[in-house]
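Working notes, structure below.
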Amino acid sequence: MKMLGLLFSGILFSSNTVTYASEVFYTEENTAKIETTTKITQEVYARVALDFANGILPDKNLSVTAMTPILNSENEILSYDCKLSENDVDYGYVIVDMSLDGDYISEFNLEKNVPDFYEQMIQNVDERTNENVNKDDIPESEQVLIETLPNEYSVVVEDTALTSSGKVMDADELEMYQEEVFDVIGESITTASQYGHTGDVMQNYPSDYSFQANHMLPYFISMTQGQSESAAGKYACAVTAMTIVADRYGLGQSWVPSNLKTTYNNLWSKSSTKETSRTVKNGKTIIYGGTPVNKIGPALVSLGKDKKVNLKYKDASNPSFTTIRNAISNKHDVIFSYFISSTKGHSVSVQGTWTGKKNNKNHDFIILADGWGMSARYINYTTKSNTVINKSMTEIWK
C-alpha cells in the first residue's frame, strides 16, 4: 500500500507507543483518572474522550473501543479519533487534540449507530472512488488520519486520497495540496511546536463536562456528496450547502434526483462556481468545483427571486459563536466557510449549536452538516476555530 512520502518518510509508530483498534478497550473501570500532572500517553487521550462522553451520556456504559492516530504536517501525532461503543453498538466518536489551548475536545458526535470518524472516511473512499475498500484489509500501522486543514482530515488508501471536504486526488496531489496549504498558513497547522501548555505532561485537566444548551433549526434535511454526484455529476461543498438551504425554503427538493440536478446546476451557475478538477467514477465523469464565498448569498437570493421567494442575506467575517447561535435561534440559515483562498477551503451548512460547561466555563460547538456524510459534526468553536486563519459566515432568511 503506497503511503505519502511527505508525511510518512520517517518511522510511523512503534508498537509500544500506539495500539490499534483490535487492542483498544478503555473503560471507566480500567482507565486511570487524570491526576494533577499526568504524562501524556494514549491512555490519557482515551480518558479525556471517555470522561467527556460519560458527561454527555451519563446513562450509558461507554467504552473507547478504537483509536486512530491523527498526524499533522510534521508527521507527529497531533490527536486521536476515539471510537465510543456500548455492548458492540457504535456511539460515535470524540477527537481529542492536545494542541488546543483551553479544551482538548476538537469535535465529536455521540449519536447511536454513528461510526468513528476514520470508519466514516473509509466508507466514503469505498463509495466515492473506484477503489474496493475494506478497513480490515488495511494494515493497522497505516490506519491513520491526516489533518490537512483545521477541521479537515484525509485518508490515503493505495494511491487514492480523500479529504473530509470531499476532494478526491492521488497521493502525489495530496502531497502538493499539503505543501500549498503550508505555504499559506504555515505554523498554524504545525501546532505541536506552537503550543507549550501540554508538552510531555497534561496539567489540571478537569473532567466535569456537562450539557448546557443547544439551538437547532426546526426543519433540516442533510444531503451527501454522493447524492449530488449521482444526480448532477458535480460536487462543490458550497453548492451542496446552498442546496440544503434552498430545500428549507421550498426552492428545490434535494431528495428528488431530477429536482436536485436542476437546483444544483442553477446554484452552480449563479454562484460563479468554477471547475477545479474532474474524475471518472464507474464510467461517469464527475466535476469538482470551487465557489467564491461572497457569491453564496447572492446566488440564493437570485434563486429565490426565480421562485418568487424573497430571501435576504448578510455576510460576516470571523463570526463569533454568539453571532452564529443568534442566527440559528432566529431560525435563520448559516453557511460557514473556512478557507485559504477564494476557491480553496470548505463551506458547510450549520444545523445548530451546542454548549457544554467545563470547570465553570462554557465551551461552544457548532453542528455542521458536512457535505461528505449524513452524520453531523460537532466542532469546538471555542478552541478549534482559533486555529483557522480565515473564516466567514453567510446568514440567510426570509
*asked:* I'm checking my understanding of the structure. Among residues of segment 237-251 that are over 15 Å from Gly345 (Cα atoms), in contact (Cβ under 8 Å) with a residue 40 or more places away in the chain and in contact with a helix residue (DSSP H, G or I) (Cβ under 7 Å, 6 or more places away or on another chain), which one is surrounded by the most Cβ atoms within 10 Å (Cβ to Cβ)?
replied: Met242
_Of the residues Gly356, Gly352, Gly345, only one is among the small types (Gly, Ala, Ser) and within 20 Å of Ile221 (Cβ to Cβ); which?_
Gly352
*Looking only at segment 134-177, which residues are among the basic types (Lys, Arg) and crowded, with 22+ Cβ neighbours inside 10 Å?*
Lys167
*Go over the candidates Ser375, Ser341 one by one and state the one that is at pLDDT below 90, closer than 30 Å to Val155 by Cβ, surrounded by fewer than 16 Cβ atoms within 10 Å (Cβ to Cβ) and among the hydroxyl-bearing types (Ser, Thr, Tyr).*
Ser341
*Out of the residues in segment 128-167 that are within 19 Å of the chain's Cα centre (by Cα) and acidic (Asp, Glu), state the one that is nearest to Gly233 (Cα to Cα).*
Glu152
*Quick one: in segment 257-279, which of the residues that are over 25 Å from Ser392 (Cα atoms) and free of Cβ contacts under 8 Å to residues at least 40 places away in the same chain is least open to solvent (accessible area, probe 1.4 Å)?*
Leu260
*Qualifying positions in segment 202-230 - at pLDDT 65 or above, hydroxyl-bearing (Ser, Thr, Tyr) and surrounded by 12 or more Cβ atoms within 10 Å (Cβ to Cβ)*: Tyr209, Ser222, Thr224, Ser228, Ser230
*Check every one of the strands (runs of 3 or more DSSP E) wholly within segment 69-188 and list those with 1 or more residues that are among the charged types (D, E, K, R) and in contact with a strand residue (DSSP E or B) (Cβ under 8 Å, 6 or more places away or on another chain).*
77-86, 89-97, 105-109, 145-149, 152-157, 168-170
_segment 280-294 - residue that is of a type in the set (A, V, I, L, M) and open to solvent by less than 60 Å² (accessible area, probe 1.4 Å) and, of those, nearest to Ala241 (Cα to Cα)_ = Val293
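The values are calculated or read from the model by the stated rules, or taken from the named source; none is laboratory data. Every value quoted in this text rests on a predicted model; they were computed, and no experiment measured them. Heads up, the Cβs are rebuilt from the backbone with ideal geometry, glycines too, and the neighbour counts pull from every protein chain shown. With ligands, DNA and RNA removed, areas are computed over all heavy atoms of the protein, side chains included. Shrake-Rupley method; radii C 1.70, N 1.55, O 1.52, S 1.80 Å.
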